[in-house]
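Participant: Have a look at this one before I ask anything.
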Amino acid sequence: NAGVTQTPKFQVLKTGQSMTLQCAQDMNHNSMYWYRQDPGMGLRLIYYSASEGTTDKGEVPNGYNVSRLNKREFSLRLESAAPSQTSVYFCASSGEGGTEAFFGQGTRLTVV
Amino acid sequence: GENVEQHPSTLSVQEGDSAVIKCTYSDSASNYFPWYKQELGKRPQLIIDIRSNVGEKKDQRIAVTLNKTAKHFSLHITETQPEDSAVYFCAAIHSGGYQKVTFGTGTKLQVIP
């Protein structure tokens, strides 16, 4: 049982480059999330998706776009990376009725 | 939307002592309150949770209490051990409709041997 799988684990980008972080879950969860975690900081919500076909902005959406491709997959795209986007990114999913959120292993992104 | 405040941001305790982390929430409709532990370089993982129809829940050395009237909940760790050193996050969720997980800002717990 894989749970939540994120790719890649590490990435270095140059300023202005674009990339997509992939996330997939195999738990049949409706809700999926993207968070960023800066060093010594908490989890800040970038975007979330309550169900297939819906996405909503979180606390820090600027500079990011998302796609809920289907129930399993929720991707995060950086169109033009900036050094301020250097962070660890976590994807998470949760089920119905108030249940545990499961996290992917994280993507450590450095923008130089 | 929901706002979760967590205190303290850092906490140092001697091994064997107790540690208490407190959270307050703003949305009275929130009814599910999980606590996550994040070890250095790893993903957050659930350690205990409580629902609004329960006032207290224990699991070995860990307990969580909930005061719905005051809209606050707390994590209690007794007989702390070095392996308890980590960052702890609380969350408050309204499970009706769809749930959006709002996390507290985290508490870095250091257990000194």
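Participant: In region A:1-109, which trypsin sites (Lys or Arg not before Pro) are in a loop and have at most 15 other Cβ atoms within 10 Å, using DSSP for the loop call?
Facilitator: A:LYS9, A:LYS14
Participant: If ligands, DNA and RNA are left out, what is the accessible area of A:MET41 with a 1.4 Å probe, given in Å² to the nearest 10?
Facilitator: Result for A:MET41: roughly 110 Å² accessible.
Participant: Need the list of aspartates and glutamates near B:LYS100 for cross-linking: C-alpha distance under 17 angstrom, and skip anything on the same chain fewer than eight residues off.
Facilitator: List returned: A:GLU52, A:ASP56, A:GLU59, A:GLU96, A:GLU100, B:GLU2, B:GLU5, B:ASP27, B:ASP49.
Participant: Straight-line reach only, C-alpha to C-alpha below 19 angstrom: list the lysines that B:LYS22 could link to, leaving out same-chain residues fewer than 8 apart.
Facilitator: B:LYS37, B:LYS57, B:LYS58, B:LYS68, B:LYS71, B:LYS108
Participant: Just how far, in whole angstrom, is region B:68-87 from region A:1-41 if you go by their alpha carbon centroids?
Facilitator: 28 Å
Participant: Let me ask you something else. Among the aspartates and glutamates, select those whose C-alpha is under 17 Å from the C-alpha of A:LYS14, and discard any that sit fewer than 8 residues away in the same chain.
Facilitator: A:GLU79
The values are calculated or read from the model by the stated rules, or taken from the named source; none is laboratory data. The structure presented is a predicted model; accordingly, all values stated were derived computationally and were not measured. Don't worry about glycine lacking a Cβ; one is built from the backbone with ideal geometry, like all the others, and counts go over all protein chains shown. Each accessible area value is taken on the protein alone, full model and side chains, heavy atoms only, with ligands, DNA and RNA left out. Shrake-Rupley method; radii C 1.70, N 1.55, O 1.52, S 1.80 Å.
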